[in-house]
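**Q** First, the structure itself, so that you have it in front of you.
The values are calculated or read from the model by the stated rules, or taken from the named source; none is laboratory data. Just so it is clear, the model here is predicted, and its values are computed rather than measured. Glycine gets a Cβ as well: all are built from the backbone with ideal geometry, and neighbour counts include every protein chain shown. SASA here: full protein model, heavy atoms, side chains in, ligands and nucleic acids out. Shrake-Rupley method; radii C 1.70, N 1.55, O 1.52, S 1.80 Å.
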Amino acid sequence: MSRQSTIIGVALALLGSCGQVLAKQSCERLAYLKLANTTISGAHTVAAGTFVSPLPAGQDSAAVSFRALPAFCRISATIRPTKDSDIKVEVWMPAEGWNGKFRGIGNGGFAGSIGYAGIAAVLRQGYATASTDTGHVSPEGTDSRWALGHPEKVTDFGYRAIHEMTRFAKAAIKAFYGNAPRRSYFGSCSNGGRQALMEAQRFPTDYDGILAGAPANFWTHLFDRALAGAQVTTKDEASYIPASKLPVIARAVNAACDAQDGVVDGILNDPRQCPFDPEILLCKQNNSAECLTTQQVATLKQLYVGPDDAKGHKIFPDYLPGAEDGPGGWEPWITGSAPGKSLLFAFSTGYFSNMVYENSGWNYKTAELSEAVQANDAKLATILNATDPNLTAFKARGGKLILYHGWNDPAISALNTIDYYTSVVNRMGARETDEFVKLYMVPGMQHCGGGPGPDSFGENGPTENADPQHNIQSALEQWVEQAIAPSSIIATKYVKDESQTRVNMTRPLCPYPQTARWTGAGSTDDAVNFVCEAP
């Protein structure tokens, strides 16, 4: 190496080290950033591998990923658009290697905490990122006591906090890097999917690309349906379906419907086609774990087919067969480990007492459903529902939206997402919708993940294969940035053995209304042997 080359190399190294120092100083200087209704409580550089989650012990599930974090600028702030608002936000920005993009992270349940695991995963991929508690602190995602007597906090939770988070994050990014993000993305599932659609509908200029999974966007009627389920599952001791009977229901569903798609694999390709009749499980003699009593058969029918409103319209789409068994099936979500011990029971009873009626003494058992439906919609539909099919403004700014939902979802009926997609098609036209919206139904996947089917396709962060064919986030970004619309996405089912994680199965996810069909040759565990076909 020549002496001149050595001098140039040393100079570049010095400039690089100076750049790191300046980046750290600029991070600390962000503490003095002035924005409306915003108080910055901290701005400092976190050295690589040193971040310690502030979450209480037992709530931190990402310790390993935290230890692998690169150096980043961490900004904490409180945003108060109203006197009763208290929106906590954190923005994380890579100290080096920023990819020029911003990704906002959403919240599950009733929110109440910063999504540290989500922003850590995104930061590792080179994005600037942000998360919010949506304006309140809640130790559990099912807790809605914070809403009692605080209508502005309900509005913050409903739609305002994510928009305020986005506004603040973009300002912080520009101040830190000297440039605004060249592209902005938002992705989340469940309530986060509702937040995603709320952004597309209310604030169409916030994000270029949005990924909405299993969206709880018809929030009021989702909780009406959950209230009806709470009443059904706790009607009396004889009507309750214990967890010990869920496996026999699942086996009966598979026996009736699994072979319909040409592959016997424990996965229903389209549960809408399943003609399962609960009557076949009626006990012929004595009650046992292998059959259902007359009262339990009636309960099962009511759980699959929900109630109508006072005008005879379906309150919320039916639950589909296939989701009954498994760690993420009906036991945690619908029937519970005992009467009144399910997640939907906790969500719905807390929601109606704290948000709809604002009465901690409200009794779900004596509630009249049709009245509850009317009161719920009258008070909260305009704040919490994200059902507007008019996405004209989002499309006009070049926005792209990808929806996905697991067919085996026991928490939010997959039909709800199909209904919303169909409403957009009816409002904007099939050709126009296809230019900026795609829907992917995921056979065998439960709520945002899990279940017997392939459930890893980049929807929850980094995957082993980050290319657009295997990663739905990469497919979204390619669509936004290169105008290449996604086609099929390959989903993977991983199995963890004692010593390793291995691929158990791959299947294509097809753009709705197409479905995947086995060609009849080759392994049914390999996506290459399936084709996407129109119904």
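**Q** So if I check each of SER131, SER113, SER188, which one is among the polar types (S, T, N, Q), touching a residue at least 40 places away in the same chain (Cβ under 8 Å) and more than 30 Å from ASP467 (Cα to Cα)?
**A** SER113
**Q** Are any residues in the range 451-492 open to solvent by 40 Å² or more (accessible area, probe 1.4 Å), of a type in the set (Gly, Ala, Ser) and within 11 Å of PRO508 (Cα to Cα), and if so, which ones?
**A** Once the filter is applied, which keeps residues that are open to solvent by 40 Å² or more (accessible area, probe 1.4 Å), of a type in the set (Gly, Ala, Ser) and within 11 Å of PRO508 (Cα to Cα), the range 451-492 yields only SER487.
**Q** Has the range 342-363 got any residue that is surrounded by fewer than 20 Cβ atoms within 10 Å (Cβ to Cβ) and within 30 Å of PRO452 (Cβ to Cβ)?
**A** yes
**Q** Scan the range 179-197 residue by residue and report those that are open to solvent by 10 Å² or more (accessible area, probe 1.4 Å), touching a helix residue (DSSP H, G or I) at 6+ places or on another chain (Cβ under 8 Å) and among the basic types (Lys, Arg).
**A** If the condition is that a residue be open to solvent by 10 Å² or more (accessible area, probe 1.4 Å), touching a helix residue (DSSP H, G or I) at 6+ places or on another chain (Cβ under 8 Å) and among the basic types (Lys, Arg), then ARG183 is the only one that fits.
**Q** Follow-up question, since we're still on this one. Just one of THR506, THR524 is in contact with a helix residue (DSSP H, G or I) (Cβ under 7 Å, 6 or more places away or on another chain) and either open to solvent by 20 Å² or more (accessible area, probe 1.4 Å) or under 16 Å from TYR404 (Cα atoms) (or both); which is it? Outline the logic, then answer.
**A** Values: THR524 fails: in contact with a helix residue (DSSP H, G or I) (Cβ under 7 Å, 6 or more places away or on another chain).
Going through THR506, THR524 in turn, the sole match is THR506.
**Q** Okay, moving on. Tally time: how many residues in the range 349-406 are touching a residue at least 40 places away in the same chain (Cβ under 8 Å) and acidic (Asp, Glu)?
**A** Residues flagged as touching a residue at least 40 places away in the same chain (Cβ under 8 Å) and acidic (Asp, Glu) within the range 349-406 amount to 3.
**Q** Right, another one. Being in a loop (DSSP other than H, G, I, E, B), modelled with pLDDT of 95 or more and crowded, with 18+ Cβ neighbours inside 10 Å, is that true of even one residue in the range 296-310?
**A** no
**Q** So if I check each of ASP388, ASP318, which one is open to solvent by 60 Å² or more (accessible area, probe 1.4 Å) and not polar (S, T, N, Q)? Working first, answer last.
**A** Values: ASP318 fails: open to solvent by 60 Å² or more (accessible area, probe 1.4 Å).
Only one candidate qualifies: ASP388.
**Q** Only one of these is on the phi < 0 side of the Ramachandran plot, assigned to a loop (DSSP other than H, G, I, E, B) and open to solvent by less than 10 Å² (accessible area, probe 1.4 Å): ALA230, ALA216, ALA200. Name it. It would help to see each step written out before you state the result.
**A** Working: ALA230 fails: assigned to a loop (DSSP other than H, G, I, E, B); ALA200 fails: assigned to a loop (DSSP other than H, G, I, E, B).
Residue meeting the stated conditions: ALA216.
**Q** Taking only the range 244-287 into account, find how many residues are polar (S, T, N, Q) and within 26 Å of MET441 (Cα to Cα). Quick ask: steps written out before the conclusion?
**A** The initial filter retains those residues of the range 244-287 that are polar (S, T, N, Q), namely 244, 254, 260, 269, 273, 285-287.
This time we only want the ones that are within 26 Å of MET441 (Cα to Cα), so: 254, 260, 269, 273.
Going through the range 244-287 one residue at a time, the tally reaches 4.
**Q** Right, here's the next one. When you look at ARG225, is it of a type in the set (D, E, K, R) and either under 19 Å from GLN302 (Cα atoms) or touching a Cys at 6+ places or on another chain (Cβ under 9 Å) (or both), yes or no?
**A** Taking the combined requirement at face value, the residue satisfies it.
**Q** Mind listing just one residue for me: the one in the range 388-422 that is of a type in the set (D, E, K, R) and assigned to a loop (DSSP other than H, G, I, E, B) and, of those, nearest to the chain's Cα centre (by Cα)? Quick ask: steps written out before the conclusion?
**A** To start, the set of residues in the range 388-422 that are of a type in the set (D, E, K, R) comprises 388, 395, 397, 400, 409, 419.
Adding the requirement that they be assigned to a loop (DSSP other than H, G, I, E, B) leaves 388, 397, 409.
Numbers: ASP388: 19, ARG397: 24, ASP409: 12 Å.
If we take residues in the range 388-422 being of a type in the set (D, E, K, R) and assigned to a loop (DSSP other than H, G, I, E, B), then ASP409 is nearest to the chain's Cα centre (by Cα).
**Q** Taking only the range 233-258 into account, find how many residues are surrounded by fewer than 19 Cβ atoms within 10 Å (Cβ to Cβ) and among the basic types (Lys, Arg).
**A** Residues of the range 233-258 that are surrounded by fewer than 19 Cβ atoms within 10 Å (Cβ to Cβ), as a first pass: 235-238, 242-244, 247-248, 251, 255-256, 258.
Remaining after also requiring among the basic types (Lys, Arg): 235, 251.
Total satisfying the criteria: 2.
**Q** Taking into account only those residues within the range 111-128 that are of a type outside the set (S, T, N, Q) and in a loop (DSSP other than H, G, I, E, B), which is farthest from ALA161 (Cα to Cα)? Spell out how you get there, then give the answer.
**A** As a first pass, look at the range 111-128 and keep what is of a type outside the set (S, T, N, Q): 111-112, 114-124, 126-128.
Next, from what is left, pick out any that are in a loop (DSSP other than H, G, I, E, B): 111-112, 114-115, 126-127.
Working: ALA111: 11, GLY112: 11, ILE114: 12, GLY115: 14, GLY126: 24, TYR127: 21 Å.
By that ranking, first place goes to GLY126.
**Q** Output the residue which, of all residues in the range 423-450 that are touching a strand residue (DSSP E or B) at 6+ places or on another chain (Cβ under 9 Å) and in a helix (DSSP H, G or I), is surrounded by the most Cβ atoms within 10 Å (Cβ to Cβ).
**A** Taking the candidates together, the pick is VAL424.
**Q** Quick one: which of GLU290, GLU279 is open to solvent by 40 Å² or more (accessible area, probe 1.4 Å), part of a loop (DSSP other than H, G, I, E, B) and of a type in the set (Asp, Glu)? Steps first, please.
**A** Values: GLU279 fails: part of a loop (DSSP other than H, G, I, E, B).
Result: GLU290 is the single residue among GLU290, GLU279 that is open to solvent by 40 Å² or more (accessible area, probe 1.4 Å), part of a loop (DSSP other than H, G, I, E, B) and of a type in the set (Asp, Glu).
**Q** Could you list all residues from the range 489-524 that are part of a strand (DSSP E or B), over 23 Å from the mean Cα position of the chain (by Cα) and at pLDDT below 95?
**A** Within the range 489-524, LYS496, THR501, ARG502, VAL503, ASN504 meet the criteria.
**Q** Run ASN179 past the list (1) part of a loop (DSSP other than H, G, I, E, B); (2) under 30 Å from GLY42 (Cβ atoms); (3) in contact with a Leu (Cβ under 7 Å, 6 or more places away or on another chain) and report the number of the one that doesn't hold.
**A** So the condition that ASN179 fails would be (3).
**Q** Within the range 155-178, which residues are open to solvent by less than 20 Å² (accessible area, probe 1.4 Å) and under 15 Å from VAL89 (Cα atoms)?
**A** So in the range 155-178, the residues open to solvent by less than 20 Å² (accessible area, probe 1.4 Å) come out as 155-158, 161-162, 165-166, 168-169, 172-173.
Passing the criteria: ASP156, PHE157, ALA161, ILE162, MET165, THR166, PHE168, ALA169, ALA172, ILE173.
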